[in-house]
Amino acid sequence: MREVGVSLFGFGNVGRAVARVLIEKEKLFRERYGVSLKVVSVADTTGVVWLPEGIDLREALLIKETFGKLSSWTNDYEVYNFTPEEAVKEVDADIVIDVTNDKNAHEWHLTALREGKAVVTSNKPPLAFHYAELMSEAEKRNVPYLFEATVMAGTPVIGLLRENLLGDTVERIEAVLNATTTFILSRMEMGLDFEEALKKAQSLGIAERDPSEDILGIDAGYKATILHCVAFEPKTFDEARVKGIAEVTAGGVGRARKKGRTIRLVATVERGSITVEPREIPVDSPLAVESHENAAVIWTDLLGELVIKGAGAGLKETASGVVSDIVKAALRTA
Ligand SMILES: NC(=O)c1ccc[n+]([C@@H]2O[C@H](COP(=O)([O-])OP(=O)(O)OC[C@H]3O[C@@H](n4cnc5c(N)ncnc54)[C@H](OP(=O)(O)O)[C@@H]3O)[C@@H](O)[C@H]2O)c1
């Protein structure tokens, strides 16, 4: 049995969902892969809990869910005031997992890679702004840098582009990558206006209290930029042309519907070009997704048209992508 040390940064919705899967599937990972994953540190913004012998994740969940912060955990564990940078250096681990929303996390991703530690992340800005630097560091050190959950949650579009189609040339990708805007647009089709649909999304916890990243197309823009980096070549979010759904009106949605079409926030990715904008698409298009589904249509020279569709949000669904990457990284650590 190979023991692999894991350092978990971020204990919010996704971080806790990942912890639950690691608890539930511990036996499966031992039996199927011969790997024992030992979480040696867990961090939120209030502190880093670190125990080289391994942390009891059930207890960590209980503390976070009862008190809201890991720093309340003072009984059996040491809580350190490390910055992520310091923790990455100090804590002995094989894999660093970033499920935070730290926009500057690329700095400590680079530190982890330089230390020879694999990085698994669901955090988009590091990739959307620093892909070239991160990949070059990972390649130089021959260390895994994995980010399946950054695009389409656990639906494996990144794996598809990175590990398959290796003889194909991708020509174009069209994709619906943001579930919040899909929810709002489909509610507008049912007769709500934009504000009412947004309020509904917020009341159901689908949209954030500050929904601007979704509404303005920034979240979809990050994801489209990451797809461009993987399918073509490195680019940054600043080079993407992004328009959100704030100007879509109930009238526009209704007129599209009468023509047998639906409006969705569509990302179009071609070599050298990244565009995100609301577009009318036929109701029978694979991009006419509903609910929390995402879809991508990928055209390649050899395979032609390929459609990948599945959950693009949700906690279990995002944990699926993160945990799959953790196992991949664990299998690659010596
Ligand atoms: N939710 C989804 O469906 C989904 C899907 C795909 C990707 N993602 C991405 O996954 C990440 C996590 O999402 P989430 O929904 O779990 O967000 P969340 O609930 O807001 O959790 C973020 C967590 O990160 C912690 N954190 C922030 N900065 C940190 C730092 N510098 N050091 C240590 N911990 C830090 C926060 O600490 P506190 O608890 O102390 O605030 C919190 O525990 C985000 O980047 C998000 O974009 C989410």
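The values are calculated or read from the model by the stated rules, or taken from the named source; none is laboratory data. These numbers were taken from a predicted model, which means no experiment stands behind them. Neighbour counts are summed over all protein chains in view; Cβ atoms, including those assigned to glycine, are modelled from backbone coordinates with ideal geometry.
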Taking only pairs six or more apart or across chains, which ones have beta-carbon atoms under 6 Å, a first residue in the stretch 67-81 that is of a type in the set (Lys, Arg), and a second residue that is within 11 Å of the ligand (Cβ to nearest atom)? Lys69/Thr46
Conditions: (1) within 24 Å of Ala149 (Cα to Cα); (2) polar (S, T, N, Q); (3) away from the ligand (no atom under 11 Å from the Cβ). Asn75 meets all but one. Number of the miss? (1)
Which condition does Ile326 not pass, out of (1) more than 14 Å from Arg172 (Cα to Cα); (2) not assigned by TED's automatic domain parsing to the domain that holds Asp94, if it passes all the others? (2)
Looking only at the stretch 141-154, which residues are touching a residue at least 12 places away in the same chain (Cβ under 8 Å), away from the ligand (no atom under 15 Å from the Cβ) and not hydroxyl-bearing (Ser, Thr, Tyr)? Arg141, Val143, Pro144
Within the stretch 297-334, the residues that are assigned to a strand (DSSP E or B) and out of contact with any Phe, Trp or Tyr (no Cβ under 7 Å at 6 or more places or on another chain) are Val297, Ile298, Trp299, Thr300, Gly304, Leu306, Val307, Ile308, Lys309, Gly310, Ala311
Within the bounds of the stretch 182-196, is there any residue that is crowded, with 23+ Cβ neighbours inside 10 Å, of a type in the set (Val, Ile, Thr) and within 15 Å of the ligand (Cβ to nearest atom)? yes
Among the residues of the stretch 11-30, which ones are part of a helix (DSSP H, G or I) and within 16 Å of the ligand (Cβ to nearest atom)? Asn13, Val14, Gly15, Arg16, Ala17, Val18, Ala19, Arg20, Val21, Leu22
Among the listed residues Leu57, Leu62, Leu8, which satisfies the condition of being within 12 Å of the ligand (Cβ to nearest atom), modelled with pLDDT of 95 or more and out of contact with any Phe, Trp or Tyr (no Cβ under 8 Å at 6 or more places or on another chain)? Leu8
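Here is a yes/no grid of residues against (1) among the basic types (Lys, Arg); (2) more than 30 Å from Val253 (Cα to Cα); (3) in the same structural domain as Thr236 (by TED's automatic domain parsing); (4) assigned to a loop (DSSP other than H, G, I, E, B):
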{"site": "Ile97", "(1), (2), (3), (4)": "no, yes, no, no"}
{"site": "Lys103", "(1), (2), (3), (4)": "yes, yes, no, yes"}
{"site": "Met135", "(1), (2), (3), (4)": "no, yes, no, no"}
{"site": "Val143", "(1), (2), (3), (4)": "no, yes, no, yes"}
What helices (runs of 4 or more DSSP H) completely inside the stretch 175-240 contain at least 2 residues that are in contact (Cβ under 8 Å) with a residue 24 or more places away in the chain and either in the same structural domain as Val253 (by TED's automatic domain parsing) or of a type in the set (Val, Ile, Thr) (or both)? 179-189, 212-215, 218-231
Looking only at residues in the stretch 107-127 that are within 11 Å of the ligand (Cβ to nearest atom) and crowded, with 21+ Cβ neighbours inside 10 Å, which one is farthest from the chain's Cα centre (by Cα)? Trp108
Within the stretch 324-334, take every residue that is buried (at least 23 other Cβ atoms within 10 Å of the Cβ) and within 16 Å of the ligand (Cβ to nearest atom) and give me the one that is nearest to Gly154 (Cα to Cα). Asp325
